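Student: Below is the structure I would like to discuss, written out as structure tokens.
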Amino acid sequence: MNFKLTTEQEMIKNMVREFTEKEVAPYDGEMDKKGEFPWHIIDKMRENDIFGIPFPEEYGGAGADAICEAITLEELGRGSASVAITLDAHMLCANPMHLFGTEEQKKKYLPDLVSGKKLGAFGLTEPCAGSDAAGIQTMAKLEGDHYVLNGRKAWITNFSVADVYIIAAKTNPDAGVKGISAFIVEKGTPGFIIGDKEDKMGVRGSDTGELIFDNCKIPKENLLGSEGQGFKIAMIALDSGRMGVGAFGVGIAQHAMEEAIKYANQRTAFGKNIGKFQAIQFMIADMATEIAAARNLVYAAAFKRDCKERFSLEAAMAKLYSAEAAMKITKNAIQVFGGYGYSREYPVERLLRDAKILEIGEGTSEILRMVIGGSMVK
Ligand code: COS
């Protein structure tokens, strides 16, 4: 076991950090205020090959490992949770395409996802089925050489900006989790309607909303994996997604701690910088320790993925811990700022609003405790 990053991992960390400081972080406040998707940042991410870091070179990627994927999301998250969640959602499409796509599907879709020319999205959640993923109602019926999709998806990140979607639908409603299949759906397919956008509390630069399938006909060849494999594909995609959410949660927490330290070293009270008081130092000590612990859990999940072993447990632990740590750290960063922390003039209140999604998206903290607890008692 090695706790030191490799030369490649270190290089990617420095590259993404520099990129984020220059091209991402300066725009995060504006994105939050306007609630606008940052296309100019996506263009720069494309130019800097950020979408392709963990994919094989034959599809145009950098061939780096899962730790590099986590590092990328952490560093982007340190500058903007909106941008990090956009990439994480894109990965929920690109990762399963890479793992389960046929050669033809990979040749057709992966190069554009890897370069970022096309953005991806992943549609599992529905208005009445979030945590209960097996309870989805969207149906896919085979009719000749087409599947016909009918239903609705909700809370889909990249819902209107994506070009390629992986959509979970029931092909056999009586077969429970074994009756769910995954499909590749392209934007512009007749019957595929982009619905309304959500007005969110945080990650306001990200694009979240509803998708509608109204007799949407997709070619039979767009089935991803085999019929009935969709639930497993979704869960495997979510293992990587949860690792990614854990990673950008570390980034949000790191940002909040850095803001708190900067402020504590400037603000004076009772004749000295507040950073000299033990009350503040203890808060910062807990922040630093929890960030280190969360980062190690994320790296452990990524390491296990790189070993090609199932890492559901590690990914669940990483996301659960990182999300709860980020909530506590952003809340305490506001406390260090006092009244100013409650003002929109400073970034820490935004970080708290951004952090809240970590406890909800891609598996609530309650679902993750079920996954972890279930695995422990088995
Ligand atoms: N990797 C591989 N296989 C997996 C898997 C994973 N991560 N997770 C589940 N499976 C398999 C199981 O092994 C089981 O297969 P077998 O029957 O062949 O053994 C099958 O899938 C069903 O799994 P399980 O019995 O655990 O399913 P449940 O219906 O009990 O659901 C929870 C499990 C609740 C954990 C699941 O529905 C879930 O994660 N829900 C949250 C969904 C979510 O995160 N939504 C967020 C929106 S997506 S952005």
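The values are calculated or read from the model by the stated rules, or taken from the named source; none is laboratory data. Since this is a predicted model, take the numbers as computed values, not measurements. When we count neighbours, we look across all protein chains shown, and the Cβ atoms used for this are built from the backbone with ideal geometry, even at glycine. Ligands, DNA and RNA are stripped out before the accessible areas are found, and what is left, the full protein with its side chains, is counted by its heavy atoms. Shrake-Rupley method; radii C 1.70, N 1.55, O 1.52, S 1.80 Å.
Student: Looking only at region 216-225, decide whether some residue is under 24 Å from Ala301 (Cβ atoms) and not β-branched (Val, Ile, Thr).
Tutor: Looking through region 216-225, at least one residue is under 24 Å from Ala301 (Cβ atoms) and not β-branched (Val, Ile, Thr).
Student: Taking Leu119 as the residue in question, decide whether it is under 28 Å from Ile71 (Cβ atoms), in contact with a Gly (Cβ under 6 Å, 6 or more places away or on another chain) and away from the ligand (no atom under 15 Å from the Cβ).
Tutor: no
Student: Assess whether Asp214 counts as being without any contact (Cβ under 8 Å) to a residue 40 or more places away in the chain and not in a helix (DSSP H, G or I).
Tutor: No, not satisfied.
Student: Taking into account only those residues within region 1-27 that are in a loop (DSSP other than H, G, I, E, B) and farther than 17 Å from Val250 by Cβ, which is modelled with the lowest pLDDT?
Tutor: The selected residue is Met1.
Student: Looking only at region 300-328, which residues are surrounded by 24 or more Cβ atoms within 10 Å (Cβ to Cβ) and part of a loop (DSSP other than H, G, I, E, B)?
Tutor: Phe311
Student: Answer yes or no: is there a residue in region 127-138 that is open to solvent by 10 Å² or more (accessible area, probe 1.4 Å), more than 16 Å from the ligand (Cβ to nearest atom) and in contact (Cβ under 8 Å) with a residue 40 or more places away in the chain.
Tutor: no
Student: Please work out which residue is farthest from the ligand (Cβ to nearest atom), limiting yourself to region 226-238 and to residues that are open to solvent by 10 Å² or more (accessible area, probe 1.4 Å) and either in a helix (DSSP H, G or I) or under 29 Å from Leu297 (Cβ atoms) (or both).
Tutor: It comes out as Gln229.
Student: Continuing with this model, one more query. Hey, can you tell me all the residues within region 103-146 that are in contact with a helix residue (DSSP H, G or I) (Cβ under 9 Å, 6 or more places away or on another chain), among the charged types (D, E, K, R) and in a strand (DSSP E or B)?
Tutor: If the condition is that a residue be in contact with a helix residue (DSSP H, G or I) (Cβ under 9 Å, 6 or more places away or on another chain), among the charged types (D, E, K, R) and in a strand (DSSP E or B), then Glu126 is the only one that fits.
Student: Go through (1) within 25 Å of Gly35 (Cα to Cα); (2) exposed (fewer than 15 other Cβ atoms within 10 Å of the Cβ); (3) hydrophobic (A, V, I, L, M, F, W, C) and name the single condition Met370 misses.
Tutor: (1)
Student: Can I ask one more? Would you check which residues across region 147-181 are in a strand (DSSP E or B) and open to solvent by 50 Å² or more (accessible area, probe 1.4 Å) and list them?
Tutor: Asn150, Arg152, Trp155
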